[in-house]
Structures are given as C-alpha cells and as structure tokens.
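What follows is a single structure, written as structure tokens, with notes after it.
The values are calculated or read from the model by the stated rules, or taken from the named source; none is laboratory data. These numbers were taken from a predicted model, which means no experiment stands behind them. Calculation scope for accessible area: heavy atoms of the full protein, side chains included, ligands and nucleic acids excluded. Shrake-Rupley method; radii C 1.70, N 1.55, O 1.52, S 1.80 Å.
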Amino acid sequence: MDLQVDYEATTEDIVASVVANAAARLWLRWAIVGLWLLLTAAFLAAGSTWFAIAAFFFGFVQVVNITAGGRRMGLKVAPRYVGPTVVRLTDDALHLKTPALDRTIPWSSVNKVAHNPVAWTVLSQKVGTPPLSATVLKAPFTEAQRAEFDAFLARLPKVSHKGRSTNDQLVRPAAG
C-alpha cells in the first residue's frame, strides 16, 4: 500500500471527528442515565422528593456535559490538524503533515484505530514512549482508497478496531 492524499482540514472537520468518536460510546450515556434514574427512584422511595428532583436534574446535566465535552475536546485538538494536510499511508507507517505537526506512526506501534463516518483515529503507544495519535479525515479519500486502507487496517495484528461498521456513511460536517 502506498497512498498519498492532500487536503485542507477545517476546525469543523476535526470537531466532527472527535464528537463522532464520543458518540460511538452511547452505552456510557445510557449507563449514566440509568444510574441517575436509579438514584432518583431510590430517593423517591425513601420519601426525599427534593433529593429525587436534584438527582434527576444532575443526571440530565451530566449527559449534556458529555455531549458538550466532545465538542470542547475537538476544539482543543483541532489546532494540531487544521490547515493543509498531507497524509501518506505506506505498508510501514502513517505519515501525517500539517502546519502544526509532522508525525510518523509505524504500524508496528499502533494498538487502536477508532473508525467513525468522518475519520480514522490512529492511536499508538510503545512501552517507554509517549502516546501518539493521528486523525485522518475520510472525505478526501476515494471510495477505493478508503476500502484499501480499511482492508489494510483489518490485517494489522493486535489492533483494536473500535466503531467500525459495514454501513458507515461518510459524513461531511455541515458548514456554519
């Protein structure tokens, strides 16, 4: 494999990717809702109506905060990836160059690839080294290139592929 794609990444693209990765963990939101509803029911059963109302309110606030947190995290990481971007995918490594970073991640060090309809997020960590990540937008790739890269990722040993489904619809963030 030797693919190179050049594109202009926007803040909206990167935020959409981070939000999509967070949305892939819907079980977390439902677990929080369930926990707070259980706590609300326990307070109601104990006759503590005000505590029940407070528990329900704080549960709602926590779920909303998870959603807003994805956007805040996206805005925090976006400056590293925004601007003219060159992605080169070879059999040995992923090379990502933006105005803010020039990163090479060898496939031998990759331990997770998070898929979402907007991007691939490649995570790498070798013992004794700081973790590395790279967000690669899918939209600039042709359908054939995306299929080739997905097939390559599926063959990587010891790599967890989170969020990949066979019916991923490519999403381009809405302008504005």
Measuring from the longest principal axis of the C-alpha atoms of the chain, the long axis of helix 143-155 (C-alpha) lies at a number of degrees, nearest 10, equal to 80
Amide H proximity to residue 9 below 5 Å, modelled H, separation 5+ or other chain, gives 83, 85
Karplus-derived 3J(HN,Hα) from phi for the range 126-142 (6.51 cos²θ - 1.76 cosθ + 1.60, θ = phi - 60°), whole Hz, x at Gly and Pro, runs 9, 4, x, 10, x, x, 10, 9, 8, 9, 10, 5, 8, 3, x, 7, 6
To the nearest 10 degrees, the tilt of helix 11-23 (Cα long axis) against the first principal axis of the alpha carbons of the chain is 60
Over the range 50-162, with neighbouring protein chains present, the accessible area per residue in Å² at probe 1.4 Å is 54
Interchain or sequence-distant (5+) residues whose placed amide H lies within less than 5 Å of the amide H of residue 119 are 138
Using a 1.4 Å probe on heavy atoms of the protein chains only, the accessible area for residue 92 in Å², nearest 10, reads 120
Once all protein chains are kept in place, residue 75 shows an accessible area at probe 1.4 Å, nearest 10 Å², of 80
The ³J(HN,Hα) series, computed from each phi in the range 39-47 with the Karplus coefficients 6.51, -1.76 and 1.60 at θ = phi - 60°, rounded to the nearest Hz and given as x for glycine or proline, is 5, 4, 5, 5, 5, 4, 5, 7, x
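Taking 0.36 nm per residue of sequence separation and subtracting the Cα-Cα distance, how much length would be gained by fully extending the chain between residue 111 and residue 48, in nm to one decimal?
Working: separation 63, 0.36 × 63 = 22.68 nm, distance 4.77 nm.
Taking 0.36 nm per residue and subtracting the Cα distance, the gain is 17.9 nm.
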Note on the chain, DSSP bridge orientation, antiparallel percent to nearest 5 equals 90
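Which percent of the accessible heavy-atom area of the chain goes to carbon and sulfur, probe 1.4 angstrom? Intermediate results must be reported in sequence, preceding the final value.
Values: 6520 of 10250 Å².
The computed percentage sits at 64.
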In units of 2.2 N^0.38 Å, the Cα radius of gyration of the chain is 1.25
